[in-house]
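S.K.: To start, I am sharing the structure in question, which I have written as structure tokens.
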């Protein structure tokens, strides 16, 4: 399938919101006003076919506490509140950044499995370079972890097994293939039943 990735325009927001609603449980969905604020503050990138918008990601430059894991986890949890509003507010008032932080990525269900998600992540790496930032970061969900938790496998052990290839998690595998380091895991990051509320920090330092 042919598609292109471009900066979103205001008229794309309803399509972005539609994909958001179909990709995330209700408690994780960003409302239209949130998407409007993100677009006004920095930008949103969309994947578009002849049929319309089929995927997107939202992002903002951020200053992350990368030298102290405990401080980083605290910062990430705090930033998650109010749909990352703090990160976008900080961008408006500061010029000190060390990473492009991607706050959400989604592909319409009927267009998954054909490389759009991978291309969106690759595009975010290009955007990181274009803005002369050193790193690309985000916190990922761990869909499918719930059934392993029931078997007594900790989140840290689950992540180790994903990294070794003993457990296949397509989302985490994609980021590993694209050169991201995964970890630490973050308990009580956001309400997501399949992930048992865990998130996992993803970071890639650009060459």
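The values are calculated or read from the model by the stated rules, or taken from the named source; none is laboratory data. Computed from a prediction, not measured in an experiment: that's the story for all the values here. Neighbour counts run over all protein chains shown; Cβ positions are idealised from the backbone, glycine included.
S.K.: Identify, by number, the condition in (1) surrounded by fewer than 20 Cβ atoms within 10 Å (Cβ to Cβ); (2) within 18 Å of the chain's Cα centre (by Cα) that residue 185 doesn't meet.
M.R.: (1)
S.K.: Next question, about the same structure. Between a first residue in the range 1-19 that is in a strand (DSSP E or B) and a second residue that is surrounded by 11 or more Cβ atoms within 10 Å (Cβ to Cβ) and at pLDDT below 95, which pairs have beta carbons less than 9 Å apart while being 6 or more apart in sequence or on different chains?
M.R.: Here the result reads 4/49, each pair linking the range 1-19 to a residue that is surrounded by 11 or more Cβ atoms within 10 Å (Cβ to Cβ) and at pLDDT below 95.
S.K.: Could you check the range 102-122 and list, in sequence order, the residues that are part of a helix (DSSP H, G or I) and in contact with a helix residue (DSSP H, G or I) (Cβ under 8 Å, 6 or more places away or on another chain)? Spell out how you get there, then give the answer.
M.R.: At the first step, the residues of the range 102-122 found to be part of a helix (DSSP H, G or I) are 109-111, 116-122.
109, 117, 118, 121, listed by residue number.
S.K.: So, in the range 87-99, of the ones that are part of a helix (DSSP H, G or I) and more than 16 Å from the chain's Cα centre (by Cα), which residue ends up farthest from residue 27 (Cα to Cα)?
M.R.: First pass over the range 87-99, keeping only residues part of a helix (DSSP H, G or I): 87-93.
Among the residues that remain, those that are also more than 16 Å from the chain's Cα centre (by Cα) are: 89-93.
On the way: 89: 22, 90: 24, 91: 25, 92: 26, 93: 28 Å.
So the residue we want is 93.
S.K.: Tell me which residues, restricted to the range 22-45, are in contact (Cβ under 8 Å) with a residue 60 or more places away in the chain, more than 13 Å from residue 84 (Cα to Cα) and under 13 Å from the mean Cα position of the chain (by Cα). Before the answer, list the steps.
M.R.: Applying the first criterion (in contact (Cβ under 8 Å) with a residue 60 or more places away in the chain) to the range 22-45 yields 22-25, 27-28, 30, 38, 45.
If we keep only those that are more than 13 Å from residue 84 (Cα to Cα) too, we end up with 22-25, 27, 45.
Hits for the range 22-45 are 23, 24, 45.
S.K.: Out of all the residues in the range 55-82, which are crowded, with 19+ Cβ neighbours inside 10 Å and free of Cβ contacts under 8 Å to residues at least 24 places away in the same chain?
M.R.: 79
S.K.: Residue check, residue 19 against (1) modelled with pLDDT of 95 or more; (2) more than 12 Å from residue 108 (Cβ to Cβ); (3) surrounded by 15 or more Cβ atoms within 10 Å (Cβ to Cβ); (4) within 18 Å of the chain's Cα centre (by Cα), all met but one. Which one?
M.R.: (2)
S.K.: Quick check, is residue 53 more than 16 Å from the chain's Cα centre (by Cα), within 28 Å of residue 173 (Cβ to Cβ) and not in a helix (DSSP H, G or I)?
M.R.: Numbers: more than 16 Å from the chain's Cα centre (by Cα): yes; within 28 Å of residue 173 (Cβ to Cβ): yes; not in a helix (DSSP H, G or I): yes.
For residue 53, the condition - more than 16 Å from the chain's Cα centre (by Cα), within 28 Å of residue 173 (Cβ to Cβ) and not in a helix (DSSP H, G or I) - is met.
S.K.: Please tell me if residue 139 is in contact (Cβ under 8 Å) with a residue 60 or more places away in the chain and crowded, with 19+ Cβ neighbours inside 10 Å. Show your work before the answer.
M.R.: Working: in contact (Cβ under 8 Å) with a residue 60 or more places away in the chain: yes; crowded, with 19+ Cβ neighbours inside 10 Å: yes.
It is true that residue 139 is in contact (Cβ under 8 Å) with a residue 60 or more places away in the chain and crowded, with 19+ Cβ neighbours inside 10 Å.
S.K.: Among the residues of the range 192-207, what is the count of those that are closer than 18 Å to residue 104 by Cα and in contact (Cβ under 8 Å) with a residue 40 or more places away in the chain? Spell out the reasoning first.
M.R.: So in the range 192-207, the residues closer than 18 Å to residue 104 by Cα come out as 192-195, 197-204.
Pick out the ones that are also in contact (Cβ under 8 Å) with a residue 40 or more places away in the chain and you get 192-195, 198-204.
Here the count works out to 11.
S.K.: Can you list the helices (runs of 4 or more DSSP H) lying wholly within the range 123-207 that have 2 or more residues being more than 20 Å from residue 56 (Cα to Cα), in contact with a strand residue (DSSP E or B) (Cβ under 9 Å, 6 or more places away or on another chain) and at pLDDT 95 or above?
M.R.: Working: elements: 145-149, 155-164, 170-177.
Hits in the range 123-207: 155-164.
S.K.: Can I ask one more? Being more than 22 Å from residue 191 (Cα to Cα) and either touching a residue at least 60 places away in the same chain (Cβ under 8 Å) or buried (at least 20 other Cβ atoms within 10 Å of the Cβ) (or both) is the filter here; which residues of the range 83-121 pass it? Step through it out loud before you land on a result.
M.R.: We begin by selecting, within the range 83-121, every residue more than 22 Å from residue 191 (Cα to Cα); these are 89-100, 110-121.
The answer is 99, 100, 111, 114, 116, 117, 118, 119, 120, 121.
S.K.: Turning to a different aspect of this structure: State yes or no: is residue 26 farther than 13 Å from residue 105 by Cα and at pLDDT 95 or above?
M.R.: The answer is no for residue 26.
Quick grid of which residues meet (1) without any contact (Cβ under 8 Å) to a residue 12 or more places away in the chain; (2) surrounded by 15 or more Cβ atoms within 10 Å (Cβ to Cβ); (3) on the phi < 0 side of the Ramachandran plot; (4) under 15 Å from the mean Cα position of the chain (by Cα):
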| position | (1), (2), (3), (4) |
| --- | --- |
| 152 | yes, no, no, no |
| 168 | yes, no, yes, no |
| 171 | no, yes, yes, yes |
| 190 | no, yes, yes, yes |
